[in-house]
Each structure stands twice: as structure tokens, then as C-alpha cells.
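**Q** Below is the structure I would like to discuss, written out as C-alpha cells.
The values are calculated or read from the model by the stated rules, or taken from the named source; none is laboratory data. Everything numeric in this text was worked out from a predicted model, so none of it was measured. In this analysis, Cβ positions are derived from the backbone assuming ideal geometry, glycine residues included, and neighbour counts consider all displayed protein chains.
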Amino acid sequence: MNQTIAKFGHPATLIRDYAHWVVLLRPAQPTLGSLILAAKSDATAFPELPAEAFAELAAITRDIETVLAGAVRHARMNYLMLMMVDPHVHFHVIPRYEGVRARNGIEIADSGWPKPPGLAEARALEPDEIDELRDWLKTLWPSG
């Protein structure tokens, strides 16, 4: 795993491991269910990824959007590729919704709705909250 994946809490935040990508719970949640979709390679530019990694994205994004539609009932999905601080290829996956969503006492409003997500207002999760949300999303993830 590369440094970017480690920075986002792997293995504690791991929801699903694919051939070329990992899906991680984003430790700071701008909206409930926010994820990191990170390439396992050491590539620091999107076009450097192998063709197989691009092909795999179709199935992964389908899984992400299916799971989050049921979990948080998002209205839109934002995939943000912000590789300024963390250099390896990754997306911040932010489900967007009006209002507040909650899971077991963890309540998070989409403070930016309907404009860009409020990344600066993201809620930093406690370790037990990471475990709760990670395990919840893992149970909803399609097997395969």
C-alpha cells in the first residue's frame, strides 16, 4: 500500500479491497458515508494507472453508489481528485444531500449543499465511530 492509503487510516478504515483499488472510510466526514477511493499503485498522475485499473472503476463506482444510495439516500455523488497534499491517485467520494444524515448517534449535515462540499467543516471521527461506520458500510457492500 502507498503512503496516501496509509494516511487515510488503512487498515482500520478499509471497507473493500479490489484488485487495483481500495475503498476506505474517510476519517473526516464532510457528509455521512464519505469515502476514499485510492489506487494501490505508486502512480502520482491519473494517466499513469494501468488500463485494468480504469476498467475496474466501473464496477467499483457502481458498488459505491448502490451502497450509499441505501445507506444515506444521497441526491448527488461528488468524486473529487485532490492530489495536492497526498500525491498518489485517489478520489474523495462525497455523497451529497440536503439536511442531516445519522447513524447510531453520528449526525452529519451537508454544510455545503447545494454548493461544493464543505471539506473544512468535516467531522473528524473518533476511533469507535470509524469502527461503527466502517463495519456498517462493510455489511452493505456487495460480495464478490
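**Q** With respect to residue 60, is the statement that it is surrounded by 18 or more Cβ atoms within 10 Å (Cβ to Cβ), aliphatic (A, V, I, L, M), closer than 27 Å to residue 127 by Cα and in contact with a Lys or Arg (Cβ under 6 Å, 6 or more places away or on another chain) true?
**A** no
**Q** Here is a follow-up. So residue 86 passes all but one of these: (1) surrounded by 14 or more Cβ atoms within 10 Å (Cβ to Cβ); (2) touching a strand residue (DSSP E or B) at 6+ places or on another chain (Cβ under 7 Å); (3) not hydrophobic (A, V, I, L, M, F, W, C). Which condition number does it fail?
**A** Evaluating residue 86 over (1) surrounded by 14 or more Cβ atoms within 10 Å (Cβ to Cβ); (2) touching a strand residue (DSSP E or B) at 6+ places or on another chain (Cβ under 7 Å); (3) not hydrophobic (A, V, I, L, M, F, W, C) leaves (2) as the failure.
**Q** What is the one condition in (1) within 16 Å of residue 28 (Cβ to Cβ); (2) at pLDDT 95 or above that residue 136 does not satisfy?
**A** Among (1) within 16 Å of residue 28 (Cβ to Cβ); (2) at pLDDT 95 or above, residue 136 violates only (1).
**Q** Additional query: Collect the residues in the range 79-121 that are under 27 Å from residue 43 (Cα atoms) and of a type in the set (A, V, I, L, M), keeping them in residue-number order.
**A** Hits for the range 79-121 are 80, 81, 82, 83, 84, 85, 89, 93, 94, 119, 120.
**Q** Among (1) farther than 29 Å from residue 20 by Cβ; (2) crowded, with 18+ Cβ neighbours inside 10 Å; (3) in contact with a Phe, Trp or Tyr (Cβ under 6 Å, 6 or more places away or on another chain), where does residue 98 come up short?
**A** (2)
**Q** Please report, ordered by residue number, the strands (runs of 3 or more DSSP E) entirely within the range 22-135 with at least 2 residues that are under 19 Å from residue 6 (Cα atoms) and under 14 Å from the mean Cα position of the chain (by Cα).
**A** Values: elements: 35-39, 76-80, 90-96, 100-103, 106-109.
In the range 22-135, the matching strands (runs of 3 or more DSSP E) lie at 35-39, 90-96.
**Q** While we're on this one: Only one of these conditions is not met by residue 142: (1) surrounded by fewer than 14 Cβ atoms within 10 Å (Cβ to Cβ); (2) part of a loop (DSSP other than H, G, I, E, B); (3) over 16 Å from the mean Cα position of the chain (by Cα). Which number is it?
**A** (3)
**Q** Return the residue satisfying two criteria in turn: it lies in the range 1-21 and is out of contact with any strand residue (DSSP E or B) (no Cβ under 6 Å at 6 or more places or on another chain) and part of a helix (DSSP H, G or I), and of such residues it is surrounded by the most Cβ atoms within 10 Å (Cβ to Cβ).
**A** 7
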